[in-house]
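As structure tokens, the structure follows; a few thoughts come after it.
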Amino acid sequence: MSFSDLKNLLVEDNDGVRQITFNRPKALNALNKDTLNECKRVLEATQKDASIDVVILTGSGEKAFVAGADINEMANADLEQARAFAQQGHDVMNTIEQLPQPVIAAVNGYALGGGTELALACDFIYASENAVFGLPEVSLGLIPGFGGTQRMSRKVPIGMARELVMTGAKIKADEALRIGLANKVLPLDALLSTAHKTAQTIRKQSSLAVEVAKKAMVEGHDLPLQQGCEIEISTFAKLFTSDHPKEGTSAFLEKRKPNFPATTRKS
Ligand code: CAA
């Protein structure tokens, strides 16, 4: 599928990895309605695309990942417009979270407001040394509207999440690493290559096992432990209706590399 008509996103596919770059450099890649629409379209195509095993999100330029939701589009919103904008943002974040493929956020600069919320919807975050995270919405008379009040406190200790939301503080990459928001901090010029290297490590695993492991983790996250464990048991068992466990375990016992069956996705 071609995405050459997109105005605010660049989509590049290489070796089973789709890199989606937010590309509105004049507005530090801020998320306006058009960008969110384009993003939803790319994600919906990606979830059906068996040739894509991993997705990486990043921002264009060296300054920003995404500097937030577009402030111009919220400036004069009324109740219904504000609700529709928040709903649109949530639809995109939920689609990322529920994508069958793992999604890595390669945060290459400012990730504020909607930018931090976008990163929070990804499976994990790698940050460049110049990355800045934060939920500064209260300084604008707003609250996070694309999931920040909910996902931040599920990602970092609850007191940290509350302090970030209530003070609107901006934190640097090393602090994001310290509180568990980011998994790695890298020099800017090593950020994307490292994200792609991790993507290739994921690609060496059983794509089906990775997909259902993600689904079990996402679905179980907010459930009581025993209900989450039930999801794990049924997911574990269901894998045995595929050829993946047979190939993986046989390869181990025969001391060879596994050759897992190709991914299939519903189109
Ligand atoms: N929306 C729209 N435009 C934005 C923007 C945003 N979120 N962030 C930056 N821009 C624009 C600026 O208006 C500026 O445009 P002009 O050149 O036309 O004036 C351009 O990008 C460059 O920005 P700056 O000149 O401000 O660059 P800087 O280096 O001085 O500062 C910055 C960088 C600290 C990221 C600063 O731009 C900033 O604070 N941006 C806003 C960050 C923010 O508050 N994000 C949260 C938005 S609210 C939200 O996201 C709500 C939600 O959850 C739904």
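The values are calculated or read from the model by the stated rules, or taken from the named source; none is laboratory data. Nothing here was measured: the structure is a model prediction, and the numbers come from that model. Positions of Cβ are backbone-derived with ideal geometry, glycine not excepted, and every protein chain shown enters the neighbour counts. Accessible surface is based on the protein model in full, side chains and every heavy atom, while ligands, DNA and RNA are left aside. Shrake-Rupley method; radii C 1.70, N 1.55, O 1.52, S 1.80 Å.
With all protein chains present, how much of the accessible area of the chain (probe radius 1.4 Å) comes from carbon and sulfur, to the nearest whole percent? It would help to have the intermediate numbers written out before the result.
Numbers: 7670 of 14170 Å².
Exposed carbon and sulfur together represent 54 percent of the surface.
In the chain, what % of DSSP beta bridges are antiparallel (nearest 5)?
Working: 9 of 31 bridges.
For the chain, the DSSP antiparallel bridge percentage is about 30.
Rolling a 1.4 angstrom probe over the protein heavy atoms, how many square angstrom per residue are accessible across the chain?
On a per-residue basis, 53 Å².
Can you compute the radius of gyration and Dmax for the chain, using only the Cα atoms, both in Å?
18.9, 65
How many angstrom separate the Cα center of segment 72-140 from the Cα center of segment 160-238?
Value for the Cα centre distance between the two parts: 16 Å.
Under a 1.4 angstrom probe, counting protein chains only, how are His244, His221 ranked by accessible area, largest first?
Largest to smallest exposure gives the sequence His221, His244.
Pick from Met152, Met93, Met217: which residue has the top mean-square fluctuation in a GNM of the chain where Cα pairs under 10 Å get a spring?
Result for the chain, Cα springs under 10 Å: Met217 fluctuates most.
When N counts the residues of segment 207-253, how does its alpha-carbon radius of gyration compare numerically with 2.2 N^0.38 Å, as a ratio?
Output field value: 1.26.
For Leu9, enumerate residues with amide H under 5 Å from its amide H, sequence gap 5+ or separate chain, H modeled in the peptide plane.
Asn23
Mind giving me the FRET efficiency for Val218 and Arg265? R0 is 22 Å, r the Cβ-Cβ distance, nearest 0.05 is fine.
Calculated value: 0.85.
Could you list the trypsin sites (Lys or Arg not before Pro) in segment 1-86 that lie in coil according to DSSP, counting only those with at most 10 other Cβ atoms within 10 Å of their Cβ?
On the way: sites: Lys7, Arg18, Lys26, Lys33, Lys40, Arg41, Lys48, Lys63, Arg83; in loops: Lys7, Lys48, Lys63.
Taking segment 1-86 and a limit of 10 other Cβ atoms within 10 Å, the loop trypsin sites (Lys or Arg not before Pro) found are Lys7.
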